[in-house]
1. How high is the FRET efficiency between residue 84 and residue 31 when r is their beta carbon distance and R₀ equals 22 Å, given to the nearest 0.05?
2. Report the full-extension gain for the segment residue 18 to residue 70: residue separation times 0.36 nm, less the Cα-Cα distance, to one decimal in nm.
Amino acid sequence: MFGPDSGSASDPGLAGWLRLAAAPTFAVMALVTALSGDAGMICPPAQTVSPLSGMTLMYVLMSIFHGMPWLNLMARLWRGAARRV
């Protein structure tokens, strides 16, 4: 699932866990950025801009792009459950 260097499927290793950590981390960062409205500190003219722009949008996109390890994990778990039935 995570590559030849990262251990077995039941033990993904550190690299596998780091890949899984990226998407939720970016999602939390997007939520915090959207709720705090700190974009105005970085760029004062951005105070009137939608909260779904700038850094928030970047974090949302990064979360989506780093979601593939989660999709792989869910697919593997689903296939494993289907084999047991």
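1. Numbers: r = 36 Å, r/R0 = 1.63.
Plugging the Cβ-Cβ distance into 1/(1 + (r/R0)^6) gives 0.05.
2. Values: separation 52, 0.36 × 52 = 18.72 nm, distance 1.14 nm.
Full-extension gain reported as 17.6 nm.
Bear in mind these aren't lab numbers, they're just calculated from the coordinates by the rules spelled out. The model shown is predicted, which means the values in this text are computed figures rather than measured ones. All Cβ positions, glycine included, derive from the backbone under ideal geometry; neighbour counts span all protein chains shown.
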